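One structure is given below, encoded as structure tokens.
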Amino acid sequence: MIKKILPYVLGIMLLASAVAHLANPDFYAPMIPEFIPIGLANVLTAIVEATVGILLFLPKYRHWGGLGFFMLMIAFLPIHIWDLFKENPAVGAPPAPIIRLVIQFLLIYAGWWIYKKYKLIK
């Protein structure tokens with residue numbers, strides 16, 4: 001059951017996040033390091049999230065969607081660690097940044113799990 005539902009849940013999450021990056025880029029600004037242009041970060045993130053989200057919906061390409069999700073969550077990991085040690089974390093007061101970091105590791109595992117489970121399906 002989880003094998004069938006998880007790709008759709010994560011795909012919906014990514015597509016919603018992609019839309020949010022474009023509709024409300026200011027929301028993500030506190031999470032983006034100062035050396036990365038905010039507009040560029042939001043547009044590129046929206047493109048990648050939408051692409052990976054769509055791949056998770058397509059059975060033939062779902063394993064690639066899982067791998068893309070895995071890599072995307074790893075790419076976001078340094079931002080979450082960086083935010084954890086900021087004086088004012090973007091997600092709020094502790095323990096919120098710690099909880100978010102734990103969830104990030106679960107999401108990394110979920111992407112790898114989808115990749116491995118669907119890799120054998122052609």
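List of remarks:
- Helix 62-84 and the longest principal axis of the C-alpha atoms of the chain enclose an angle of approximately 20°.
- Gained length - Ile54 relative to Ile36, 0.36 nm times residue gap less alpha-carbon distance: 3.9 nm
- Crossing angle, helix 38-57 versus the chain [Cα axis fit, 0-90 degrees, rounded to tens]: 20 degrees
- Largest to smallest principal axis extent of the C-alpha atoms in the chain, angstrom: 47, 28, 20
- In the chain, lysine pairs with alpha-carbon atoms under 13 angstrom apart (chain gap of 8 or more, or interchain): 7
- Each Lys and Arg Cβ is given +1 and each Asp and Glu Cβ -1; about its Cα centre, the chain then shows a dipole of about 960 debye.
- Helix 96-119 axis, angle to the chain major axis (alpha carbon atoms, nearest 10°): 20 degrees
Values quoted throughout were computed directly from the atomic coordinates according to the rules given, and no laboratory measurement underlies them. As the structure is a prediction and not an experimental result, all values here were calculated from the model. When we count neighbours, we look across all protein chains shown, and the Cβ atoms used for this are built from the backbone with ideal geometry, even at glycine.
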